[in-house]
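Data first, discussion second: the structure below is written as structure tokens.
Readers should treat all values here as calculations from the given coordinates under stated rules, not as data from a laboratory. Computed from a predicted model, the values in this text were never measured in an experiment. In this analysis, Cβ positions are derived from the backbone assuming ideal geometry, glycine residues included, and neighbour counts consider all displayed protein chains.
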Amino acid sequence: MRFTLREVEAAARERLDPVHYDYFAGGAGDEVTLRANEAAFERLALLPHVLRGTAKPELGVTLLGGRASMPVLIAPTAFHRLADPEGERATARAAAAAETIMMVSMASTVAVGDVAAAAPGARLWFQLFIQPDMAFTEALVRRAEAAGCGALVVTADSPVFGTRGRDERNGFRDLPDGLCCENMRDGDRVREIAFSPAVSWEHLDRLREITSLPVVLKGVLHPADARAALDHGVSALFVSNHGGRQLDTAPAAVDALPEIVDAVGGAVPVLLDGGVRRGTDVLKALALGADAVAVGRPVVWGLAADGERGARRVLGLLRAEVEEALTLCGLASVRDLEPGMVRRPW
Ligand SMILES: Cc1cc2nc3c(=O)[nH]c(=O)nc-3n(C[C@H](O)[C@H](O)[C@H](O)COP(=O)(O)O)c2cc1C
Ligand SMILES: CCCCCCCCCCCCCCC(=O)C(=O)O
């Protein structure tokens with residue numbers, strides 16, 4: 001039995017091809033931001049209340065009209081079939097069992113429609129790198145709509161694909177035979193995902209014109225961009241540095257959070273990912289104004305360690321830790337967290 005996410009990662013590492021482990025684990029540049037994401041949570045202290053006479057705490061949250069049984073969602077990560085033969089199908093079943101939201105990566109190795117079919121009842125959002133070919137972007141949106149996805153998560157932090165030294169040194173450039181980005185099928189070919197610095201707010205406006213799905217903007221770190229995103233009608237903001245895989249030395253996600261929350265002023269929900277490894281991390285992010293957090297690597301580790309059961313275990317561990325930490329903080333609900341419960345040492 002594995003009792004912490006770190007133990008799950010260790011088990012995953014034993015089972016994965018080392019090149020694939022490095023792809024999942026690694027970050028850009030010197031991996032400064034990768035390390036900072038977890039370190040920033042460790043530096044924050046939680047200040048508990050006592051003698052509040054509370055019952056079992058309420059963990060559920062409502063986001064964009066849908067409910068999640070806990071404030072921990074599954075961040076979009078690529079290539080789940082490198083971790084487990086069932087890939088994203090297994091992840092979606094684990095999400096359905098945990099009654100939480102899974103963001104399906106545009107670079108999934110199972111097509112989003114097949115992910116939805118494999119996990120009835122799963123709450124799926126579709127992650128999109130806007131393609132400069134807007135006709136193909138529209139085709140992707142239609143696939144997500146047809147699969148029943150409840151939102152589009154537009155990743156804005158990837159005008160180019162970040163350089164990850166581990167992948168360069170390992171020569172990891174292609175998926176193994178039989179695997180591909182299934183959502184990128186276009187007739188009898190599979191397109192490459194385009195990462196384009198030409199993508200702009202105008203593309204986002206165009207996207208909003210072609211769909212009525214709510215748009216979650218992922219990868220926002222600058223408060224001015226958060227304000228611009230509100231002007232462009234996004235339905236939620238997602239504070240993220242892509243798990244330290246894009247701009248190295250970008251701030252740790254939880255350090256960037258308060259300024260974004262301030263800029264948003266409650267107009268739309270704010271999500272966060274990057275470095276969430278403990279229930280106490282979840283409480284800290286929520287206390288600082290996030291409505292929910294997401295985890296990327298931990299779910300991949302669960303999948304690699306033990307397939308769907310491993311992914312369920314990861315979500316179960318986080319749920320139990322959140323519930324215990326809330327109880328130890330004297331809180332009846334995740335809604336009761338507030339900034340005064342987090343102390344910064346500086
Ligand atoms: C292996 C891997 C693949 C990823 N693939 C995507 C992706 O396809 N789309 C995306 O928007 N973000 C992607 N991300 C970033 C995650 O959505 C998320 O921002 C990050 O993993 C959060 O950090 P954490 O892994 O510390 O939880 C990926 C991250 C990892 C580790
Ligand atoms: C270094 C990866 C090379 C693997 C094979 C090429 C596939 C094309 C690129 C797809 C990119 C998927 C994006 C995933 C992501 O956001 C991330 O890894 O981070």
Provide the packing ranking of 163-173, 244-254, i.e. peptides ordered by the mean count of other C-beta atoms within 10 Å per residue, highest first.
-> 244-254, 163-173
If you place +1 on the Cβ of every Lys and Arg, -1 on the Cβ of every Asp and Glu, and leave all else neutral, what size is the dipole of the stretch 209-346 about its Cα centre, to the nearest 20 Debye?
-> 420 debye
What fraction of the DSSP beta bridges in the stretch 76-214 is antiparallel, stated in percent and rounded to the nearest 5?
-> 20 percent
Tabulate in residue order the Karplus-calculated ³J(HN,Hα) for the stretch 319-335, using 6.51 cos²θ - 1.76 cosθ + 1.60 with θ = phi - 60°, rounded to whole Hz; enter x for Gly and Pro.
-> 4, 4, 5, 5, 5, 5, 5, 5, 4, 5, 8, x, 10, 8, 7, 4, 5
Per the rule of 0.36 nm per residue minus the C-alpha distance, extending Ala224 to Arg67 adds in nm 53.6 nm
Residue-ordered couplings for the stretch 41-51, obtained by feeding phi - 60° into the Karplus form 6.51 cos²θ - 1.76 cosθ + 1.60 and rounding to whole Hz (Gly and Pro as x), are 5, 5, 6, 7, 10, 9, 10, x, 9, 10, 6
Alpha-carbon centroids, the stretch 141-187 and the stretch 218-293: separation in whole Å | 22 Å
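Give me the percent of DSSP beta bridges within the chain that run antiparallel, rounded to the nearest 5.
Taking every DSSP beta bridge with both residues in the chain, the antiparallel ones total about 20 percent.
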Length-normalised contact order of the stretch 5-336, Cα under 8 Å, at least 6 apart, in percent, tallies to 28 percent
Under the definition of Cα pairs under 8 Å and six or more residues apart, what whole-number percent is the relative contact order of the stretch 196-237?
-> 43 percent
Full-extension gain in nm, Asp262 to Leu46, via 0.36 nm per residue minus C-alpha separation | 75.7 nm
Which listed residue (Phe41, Phe195, Thr155) has the Cα farthest towards the positive end of the charge dipole for the chain, taking +1 on Lys and Arg C-beta and -1 on Asp and Glu C-beta about the Cα centre?
-> Phe41
Amide H of Ile101: which non-local residues (sequence gap of 5 or more, or other chain) have their own amide H closer than 5 Å, using H built in the peptide plane?
-> Ile74
Beta bridges by DSSP in the stretch 184-283, antiparallel share as percent, to the nearest 5 = 20 percent
Environment charge of Ala28, counting only residues whose C-beta is closer than 9 Å and scoring Lys/Arg +1, Asp/Glu -1 = -1
What nm value, rounded to one decimal, do you get for the distance between Asp231 and Ala139 when each label is placed 7 Å out toward the C-beta?
-> 3.4 nm
At R0 = 41 Å, FRET efficiency that the Cβ-Cβ distance of Asp186 and Glu338 yields, to 0.05 = 0.25
